[in-house]
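Asks: The structure's right below; bear with me while I get my questions together.
The values are calculated or read from the model by the stated rules, or taken from the named source; none is laboratory data. Keep in mind that what you see is a predicted model, and the values were worked out from it rather than measured. In case anyone asks, the SASA skips ligands and DNA or RNA and just uses the protein heavy atoms, side chains included. Shrake-Rupley method; radii C 1.70, N 1.55, O 1.52, S 1.80 Å.
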Amino acid sequence: MKIPPEWLDAAQTFVIGLTPGAIGSAVGLAHEKGLSWAERFTQLAAGTVVSWFVARALGATVDLNPFVLQGVNFTAGMIAYKSTPRFIAAAADVAGGLPAALRDRFLPRKDPK
């Protein structure tokens, strides 16, 4: 089975786009001590994905040199991996309090007697 050249080009473009953020995340993780492999993988993946979206959003709004965008992508990867545990904890707190907040907002309160 021969892989179509368009698929190979798309895969290459995808990998090239993710590489600066992944390297930035890896550099940031190199200085972290005491993390399990699962935590390292999660933070690497989060840093890579967040940096990819940041670079694409910035590239769509501001006309920058591609080399500058790669630098932004790398830097965002270094920063984003560090915020992952705090983001997960904050999201869990919000998700845990959401049912009570919705109940208090939309259901009438009964007066205790």
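Asks: Rounding to the nearest 10 and keeping the result within 0 to 90°, find how far the Cα-based axis of helix 5-29 lies from the longest principal axis of the chain.
Replies: 60 degrees
Asks: Accessible area, 1.4 Å probe, largest first: how do Thr42, Thr48, Thr61 sort?
Replies: Highest to lowest solvent-accessible surface, that is Thr61, Thr42, Thr48.
Asks: Over the chain, with the other protein chains present, what is the accessible area per residue in square angstrom, probe 1.4 angstrom?
Replies: With all protein chains present, the chain gives 77 Å² per residue.
Asks: Give the angle, between 0 and 90 degrees and rounded to the nearest 10, that separates the Cα long axis of helix 66-106 from the longest principal axis of the Cα atoms of the chain.
Replies: That helix lies at roughly 20 degrees to the long axis.
Asks: For the chain, what is the Kirkwood estimate of the hydrodynamic radius, computed as the reciprocal of the mean inverse distance between distinct Cα atoms, to one decimal in Å? Before the final figure, lay out the partial values.
Replies: Working: mean 1/r = 0.0595 Å⁻¹.
This gives a value of 16.8 Å.
Asks: Restricting to DSSP H runs of at least four residues, report the calculated mean residue ellipticity at 222 nm for the chain, -39500 (n - 2.57) per run over all residues, nearest 500 deg cm²/dmol.
Replies: Here the helix-only value at 222 nm equals -29000 deg cm²/dmol.
Asks: Ranked from the most accessible area to the least, with a 1.4 Å probe and all protein chains present, what is the order of Glu39, Glu32, Glu6?
Replies: Result of the area sort, largest leading: Glu6, Glu39, Glu32.
Asks: Treating the angle as unsigned and between 0 and 90°, give the value, to the nearest 10°, between the Cα long axis of helix 37-61 and the longest Cα principal axis of the chain.
Replies: Once rounded, one gets 80 degrees.
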